[in-house]
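A short write-up of the structure that comes next.
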Amino acid sequence: MTLGDRSLGLSVDFARLFAALPSAYVVLDPALVIVAVNDTYLLSTGRTREDLIGRPLFEVFPPTPEALDEHGRLPVQLTLERVRDTGVTEATPVLRHDVLDPATGEMVERHWLLAAVPVLDDEGRTALVVQRTEDVTDFVRERERGRQAHERGEEWRLRVDEVEADLFAQARELAAALKARDAAARQAAALAEVALALTSAQTVEEVEEIVVGRGLAALGADGGAVTTPTEDGRWRITVNAALGDRVQAVYGVLANDDPLPAVWTARTGHRLLLPTRASGLAFTEAMAQVYVDTRRAGWAFLPLSMDARCLGSLAVAWVEEHEPTSVELELMDGFAAQCAQALLRIEAARAERTATRQVRRLAEELQQALLTPPPEPDHLHVVARYRAAAHQAQIGGDWYDSFQQPDGATMLVIGDVVGHDGLAAARMGQLRGLLRALAYDADGTGHDTPGAILTRVEHAARGLAVDTLATVVLARVERIPDVPVAGTRLLRWSNAGHPPPLLLRPDGSTELLDTEADLLLGVDPTSVRRDHTVELPVGTTLLFFTDGLVERRGASLDDGLATLRGAVADLAAAPLDELCDTLLARLVPEEAGDDIALLAVRGYPEDEPRPAHAGPHRTAVTQPEL
């Protein structure tokens, strides 16, 4: 079994390590059933793995009467159970526990020195018990013989000292191994937390802060720095707090060709170890001042490399001269790779945002070129609004248009080409141009009604390979001669699958012009398109809009139209600019998911001066910030 954090460059084959340990180990589950043994344990007990694995320990090694204490209990078993139940490591004095000799079939007297260590799970419960066993039978027998043969004198005492010293050394070895295991576990956990933090960093500055603030401490260093490129071709050095503000001020920004090791590693992509002052001075005389300023004598410089690119360097420092071990180098290399990966991810995201801004800027320029300001005919006020979607590069299909015909009538267009991308914007531009050209000199009678114009537009689009689907309302506002109320106008319109226009009367009442809509443009050029008419008294407001104003996830179109009617009820007397802006503020969330085009029209009495607030007004086109 190979375990370890490969992302940090550390991989240890613990199965091979366990098998090769010089002391004898047996691993037990909470029921004291054997789950693993190493080679030394097999050698000391004379058994095979097949004899042991999966069997209770005291079934394999049943106790003899000599192994029991004065109360008839088995000390070894009591020790293992306490370790299991308390989770506390425990060692025993020398114990007798005879074992069966497989060669003779007889029980053989054996004496053991035992230590038991709990292995805890994530909840702090004992999952396994590891027992170290040392066969000290020879020592016990020698000691017994020594008691019976005092004449051996000094030779026996030397032998006792030798064995006891060996036992003491082995006990210290076990304690040191346990301490090293705990330290390694703590370091691995700390590095894992830092690595996790790096994955969520959104800027280079955040990466630098994580590295110098937490990463260097997790590596066991006494300080250090991270080096990254600046936009003007130099190198920014971010040092950790242990080195102090003065070091940050002196070395904060260095030239591209600076001789210091941090810049050299960032520039070349090569690892550089300077464990002693002599090695640092041999590399560059500039290190003399670094030693004075930082009060650090041992240094290691690791490239932040990923995909054959070097994105900077990591400097790791120690107060005293320090030659990194192979394990330390693996950890530092792995951590540097984690830092490089975070920097590369941030760089890619930044490049993507830049590209998206460029695409969006082009789309915005195209959109604004097409969204020309509406006309200002006598005693008729026309206001337009366009708001782009909140997502990136979601400019495309929505548009409005308004222009005067030679006979003085005002044409109004609101439309939405299927799609939300640059292609949709291009097709919208083609369709808008066709409709504008074909509708310019129509007079609203015979073959020049809005419905007839839409049919001609659809045939022209099919013939010119403008392959797209679109919803459109095309309307014509005409004067009505000899009407009882001067200034009353006639609205004549045709609807190709678009949300219905809304009438807002001066008294605040509303009416949807929800006549049955015809097919979308682009579906069937032979379909019949109908015209509808309604009178527009003076002071009546007419609203055309695209579906982004009234459609919301989880709600029906009818719900959205009802919400719109409620939102405008108190705006009948408001100037059109104020009405449009208030309406967008009330109905459109900041993170709108669709483009919105809005066109508002209101007539004024012809025998009165034109209101000041109905003066010339350019289109308001708003784009959310990226």
Legend entry - Meets criteria (surrounded by fewer than 19 Cβ atoms within 10 Å (Cβ to Cβ), outside any loop (DSSP other than H, G, I, E, B) and modelled with pLDDT of 85 or more) for LEU366: no
Inset, instruction - Return yes or no: is ARG462 farther than 25 Å from HIS381 by Cβ and either part of a loop (DSSP other than H, G, I, E, B) or not polar (S, T, N, Q) (or both)? - result: yes
Inset, instruction - Just one of (1) in contact with a Leu (Cβ under 6 Å, 6 or more places away or on another chain); (2) closer than 21 Å to PHE14 by Cα; (3) touching a residue at least 24 places away in the same chain (Cβ under 8 Å) trips up VAL37, so point out which. - result: (3)
Legend entry - Restricting region 467-492 to residues that are in contact (Cβ under 8 Å) with a residue 60 or more places away in the chain and touching a helix residue (DSSP H, G or I) at 6+ places or on another chain (Cβ under 7 Å), the residue that is nearest to LEU438 (Cα to Cα): LEU474
Inset, instruction - Read through the list (1) at pLDDT 95 or above; (2) crowded, with 19+ Cβ neighbours inside 10 Å, then give the number of the only condition that LEU314 fails. - result: (1)
Legend entry - Per-region count, region 92-110, residues surrounded by fewer than 19 Cβ atoms within 10 Å (Cβ to Cβ) and assigned to a strand (DSSP E or B): 7
Inset, instruction - Restricting attention to region 278-303, report how many residues are out of contact with any Phe, Trp or Tyr (no Cβ under 7 Å at 6 or more places or on another chain) and either more than 18 Å from ASP257 (Cα to Cα) or in a helix (DSSP H, G or I) (or both). - result: 16
Legend entry - Check on TYR41, part of a helix (DSSP H, G or I) and not acidic (Asp, Glu): yes
Inset, instruction - Among the candidates THR410, THR471, single out the residue that is at pLDDT 90 or above, crowded, with 17+ Cβ neighbours inside 10 Å, out of contact with any Asp or Glu (no Cβ under 6 Å at 6 or more places or on another chain) and not aliphatic (A, V, I, L, M). - result: THR410
Inset, instruction - Give the residues of region 296-348 that are without any contact (Cβ under 8 Å) to a residue 40 or more places away in the chain and of a type in the set (Gly, Ala, Ser), sorted by residue number. - result: ALA297, GLY298, ALA300, SER305, ALA308, SER326, ALA336, ALA340, ALA348
Legend entry - Residue that is farthest from the chain's Cα centre (by Cα) [pool: residues in region 496-551 that are among the polar types (S, T, N, Q) and surrounded by fewer than 17 Cβ atoms within 10 Å (Cβ to Cβ)]: THR533
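Yes or no, residue by residue, for (1) part of a helix (DSSP H, G or I); (2) over 25 Å from VAL601 (Cα atoms); (3) within 42 Å of the chain's Cα centre (by Cα); (4) modelled with pLDDT of 85 or more:
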| site | (1), (2), (3), (4) |
| --- | --- |
| HIS391 | no, yes, yes, no |
| TRP399 | no, no, yes, yes |
| ARG427 | yes, yes, yes, no |
| LEU435 | yes, no, no, yes |
| LEU438 | yes, no, no, yes |
| ASP443 | no, no, no, no |
| GLY451 | yes, no, no, yes |
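The values are calculated or read from the model by the stated rules, or taken from the named source; none is laboratory data. Here the structure is a predicted model, which is why all the values come from computation and not from measurement. Note: ideal-geometry Cβ built from the backbone for every residue, glycine included; neighbour counts use all protein chains shown.
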